[in-house]
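Encoded as structure tokens, the structure appears first; notes follow it.
The values are calculated or read from the model by the stated rules, or taken from the named source; none is laboratory data. All values reported here derive from a predicted model rather than from experimental measurement. Cβ atoms come from the backbone with ideal geometry, glycine included; neighbour counts cover every protein chain shown. Calculation scope for accessible area: heavy atoms of the full protein, side chains included, ligands and nucleic acids excluded. Shrake-Rupley method; radii C 1.70, N 1.55, O 1.52, S 1.80 Å.
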Amino acid sequence: MDISVVIPLYNEEESLPELHRRLSEVLPGAGSCEIIFVDDGSTDGSLGVLERLFREDPRVVVVSFRRNRGKSAALAAGFEKAKGKSVVTMDADLQDDPSEIPNMIAKLNEYDLVSGWKFPRKDPLSKRLPSKAINWLTARLTGVRIHDMNCGLKAYKNEVVKGLSIYGEQHRFIPALAFANGFRVGEVKVHHHPRRFGHTKFGAKRFLEGIFDLLTVLFITRYIKKPLHFFGIPGLVLLLAGGLTLVYLAAGWLMGRWIGGRPLFTLAVLLVILGIQFISTGLLGEMLTSLSHTRKEDDGNIKKTLNRS
Ligand code: UDP
Ligand code: MG
């Protein structure tokens, strides 16, 4: 199997027939290619359309969720099924152009993950501006220098998707997660089209949530294996500040100054308690990490072994 195309969809019945037709024009025949539609609990006629496509085209694979679980869960289900050497993801709403697929797969010679860069982007300004800001911030903080983190159209080597475990809204940060796993990430400009049918499934609150997701991703990529380093440093700083203040107060007390009613005393105690809490949280994190850490994860990071036996 050469290519697996993974398409998450939620209530996109009008777009599906044309999407399938246009995919058929660029994809090779059954045997070297599969099209995995992941129906994310659609409540319209999407599943009916997919069943028909399944009967007509041997390349079609359908996974259907009982209820809506979000784009990340849908992608994860598709990734698990994908057998192709190259895996391509795209949105189902015809905003992504299937004709870009061969070009993106060709780029996998250079990179492990190739992300689309919607250029020029055909979305309202209200969506483009905040998205630009989040993309800029994400690129700075994660070190992945690409312009468009959350383009639905992406191509991956199979081992990249097998090493991803995305949930919540993390699909927006896949390049950053793959980069943290040591994969080479690149981008190519792709054509983008306005939405023709239905409406966007993500409202304005996506940007607020985006901030939290970014925080989660930063934590996951940098500290998941060493939570004490994340919590320990602020913990130590607080503890030290509180401790020194207490020493200062104690010195004053020895010279006859009453401590009891001083605001500084309350502050010092608060700092010490907070510091201990931070450090304990970090230690709890370390316990969770050591319990959940498996050898398999380390093996997943091995690119090559040269071995005689
Ligand atoms: N989608 C999904 N589950 C959801 C929301 C969206 O599978 O809960 C799919 C949707 O059907 C589409 C893709 O994810 O194929 C991108 O969604 P959308 O076009 O609404 O996002 P936008 O283009 O506005 O960023
Ligand atoms: Mg869309």
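Which one is least open to solvent (accessible area, probe 1.4 Å) among residues in region 122-141 that are among the polar types (S, T, N, Q) and at pLDDT 90 or above?
Thr138
Quick test of your reading of the structure: His192 fulfils all but one of (1) within 16 Å of ligand 2 (Cβ to nearest atom); (2) modelled with pLDDT under 90; (3) buried (at least 16 other Cβ atoms within 10 Å of the Cβ). Name the failing condition by number.
Result: His192 passes all but (2).
Of the residues Arg69, Arg55, only one is modelled with pLDDT of 95 or more, under 20 Å from the mean Cα position of the chain (by Cα) and either assigned to a loop (DSSP other than H, G, I, E, B) or of a type outside the set (A, V, I, L, M, F, W, C) (or both); which?
Exactly one residue qualifies, and that residue is Arg69.
State all residues of region 49-70 that are open to solvent by 40 Å² or more (accessible area, probe 1.4 Å) and more than 13 Å from ligand 1 (Cβ to nearest atom); if no residue qualifies, say none.
Glu51, Arg52, Phe54, Arg55, Glu56, Pro58, Val62, Arg66
Residue-wise test of (1) surrounded by fewer than 15 Cβ atoms within 10 Å (Cβ to Cβ); (2) in a strand (DSSP E or B); (3) not aliphatic (A, V, I, L, M).
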{"site": "Val87", "(1), (2), (3)": "no, yes, no"}
{"site": "Met104", "(1), (2), (3)": "no, no, no"}
{"site": "Arg145", "(1), (2), (3)": "yes, no, yes"}
{"site": "Ala155", "(1), (2), (3)": "no, yes, no"}
{"site": "Leu164", "(1), (2), (3)": "no, no, no"}
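List every residue pair whose Cβ atoms lie under 6 Å apart, where the two residues are 6 or more positions apart in sequence or sit on different chains, the first residue falls within region 18-38 and is hydroxyl-bearing (Ser, Thr, Tyr), and the second residue, located anywhere, is open to solvent by 20 Å² or more (accessible area, probe 1.4 Å) and not in a helix (DSSP H, G or I).
Ser32/Asp2
Would it be correct to say that Ile259 is surrounded by 10 or more Cβ atoms within 10 Å (Cβ to Cβ) and modelled with pLDDT under 90?
yes
Determine which single condition Ile220 fails, assuming it passes every other condition in (1) among the aliphatic types (A, V, I, L, M); (2) open to solvent by 60 Å² or more (accessible area, probe 1.4 Å); (3) under 31 Å from the mean Cα position of the chain (by Cα).
The failed condition is (2).
So, in region 168-205, how many residues would count as being within 13 Å of ligand 1 (Cβ to nearest atom), under 14 Å from the mean Cα position of the chain (by Cα) and in a loop (DSSP other than H, G, I, E, B)?
Total meeting the criteria: 2.
Of all residues in region 1-30 being open to solvent by 20 Å² or more (accessible area, probe 1.4 Å) and within 15 Å of ligand 1 (Cβ to nearest atom), which is nearest to the chain's Cα centre (by Cα)?
Tyr10
Out of curiosity, is Val161 touching a Cys at 6+ places or on another chain (Cβ under 9 Å) and either touching a residue at least 40 places away in the same chain (Cβ under 8 Å) or not hydroxyl-bearing (Ser, Thr, Tyr) (or both)?
Answer is no for this residue.
Among the listed residues Gly300, Gly275, Gly285, Gly210, which satisfies the condition of being touching a residue at least 24 places away in the same chain (Cβ under 8 Å), within 35 Å of the chain's Cα centre (by Cα) and over 30 Å from Glu159 (Cβ atoms)?
Gly275
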